[in-house]
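The structure under discussion appears below in the form of structure tokens.
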Amino acid sequence: MDVMRIDGIRAFGRHGADPGERDAAQPFDVNVVLEVDLRPAEQSDNLKDAVDYAVVRNTVAKIVESTSFRLIERLAAEIARAVLDDARVARAEITVAKPGILQGATPSVTLRRANPKFRACPEPE
């Protein structure tokens, strides 16, 4: 299976368990790794046959910016659900980091999920 990565998606959201953390938007950094069969796009050289990374990036940013969760684990799960709506994606790995909150340390979580809706492309004959 092929891999598509989008690293360094920065979006500002209101997520956190401690008092005051959700009062103002703060930065979240998201990395997305998708296992996808890239052969259709490789053969056609057409964006309609690819998972559009701009769409994925915008989906991630919208979720970070428009929701509010106590835990980054929940935020990562919502992002995973959204990217796995595309049946061409076999698996997703989502890393959400919350920079600068632990005296310079950056906590992060990584979720790995398989897509029960995945449709494999037929093997070439």
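The values are calculated or read from the model by the stated rules, or taken from the named source; none is laboratory data. Computed from a predicted model, the values in this text were never measured in an experiment. Every residue, glycine among them, receives a Cβ derived from its backbone with ideal geometry; neighbour counts consider all protein chains shown.
If I filter region 80-110 down to residues being in contact with a Ser or Thr (Cβ under 8 Å, 6 or more places away or on another chain), of a type outside the set (S, T, N, Q) and free of Cβ contacts under 8 Å to residues at least 60 places away in the same chain, which single residue comes out as farthest from T59 (Cα to Cα)? Quick ask: steps written out before the conclusion?
At the first step, the residues of region 80-110 found to be in contact with a Ser or Thr (Cβ under 8 Å, 6 or more places away or on another chain) are 82-83, 93-100, 108-110.
Within this subset, residues satisfying the condition of being of a type outside the set (S, T, N, Q) are 82-83, 93-94, 96-100, 109.
So of that shortlist, the ones also free of Cβ contacts under 8 Å to residues at least 60 places away in the same chain come out as 82-83, 109.
Numbers: A82: 7, V83: 8, V109: 19 Å.
Applying the filter and picking the extreme gives V109.
Determine if region 6-14 includes at least one residue that is surrounded by 13 or more Cβ atoms within 10 Å (Cβ to Cβ), under 14 Å from the mean Cα position of the chain (by Cα) and either within 28 Å of R119 (Cα to Cα) or among the acidic types (D, E) (or both).
yes
From the list Q43, Q103, exactly one residue is out of contact with any strand residue (DSSP E or B) (no Cβ under 7 Å at 6 or more places or on another chain) and on the phi > 0 side of the Ramachandran plot. Which is it? Outline the logic, then answer.
Details: Q43 fails: on the phi > 0 side of the Ramachandran plot.
The unique qualifying residue is Q103.
Among the candidates P40, P27, P19, which residue alone is over 15 Å from V96 (Cβ atoms), touching a residue at least 60 places away in the same chain (Cβ under 8 Å), surrounded by fewer than 17 Cβ atoms within 10 Å (Cβ to Cβ) and of a type outside the set (S, T, N, Q)?
Working: P27 fails: over 15 Å from V96 (Cβ atoms); P19 fails: touching a residue at least 60 places away in the same chain (Cβ under 8 Å).
Being over 15 Å from V96 (Cβ atoms), touching a residue at least 60 places away in the same chain (Cβ under 8 Å), surrounded by fewer than 17 Cβ atoms within 10 Å (Cβ to Cβ) and of a type outside the set (S, T, N, Q) holds for just one of P40, P27, P19, which is P40.
Could you say which residue among A90, A114, A120 is within 15 Å of R39 (Cα to Cα) and touching a strand residue (DSSP E or B) at 6+ places or on another chain (Cβ under 6 Å)? Steps first, please.
Working: A114 fails: within 15 Å of R39 (Cα to Cα); A120 fails: touching a strand residue (DSSP E or B) at 6+ places or on another chain (Cβ under 6 Å).
Unique residue meeting the criteria: A90.
Of the residues V55, V83, V64, which is modelled with pLDDT of 95 or more and surrounded by fewer than 16 Cβ atoms within 10 Å (Cβ to Cβ)?
Details: V83 fails: surrounded by fewer than 16 Cβ atoms within 10 Å (Cβ to Cβ); V64 fails: surrounded by fewer than 16 Cβ atoms within 10 Å (Cβ to Cβ).
Residue meeting the stated conditions: V55.
Can you say whether R91 is modelled with pLDDT of 95 or more and under 10 Å from the mean Cα position of the chain (by Cα), as far as the supplied structure shows?
Numbers: modelled with pLDDT of 95 or more: yes; under 10 Å from the mean Cα position of the chain (by Cα): no.
Judged against the criteria, R91 is not a match.
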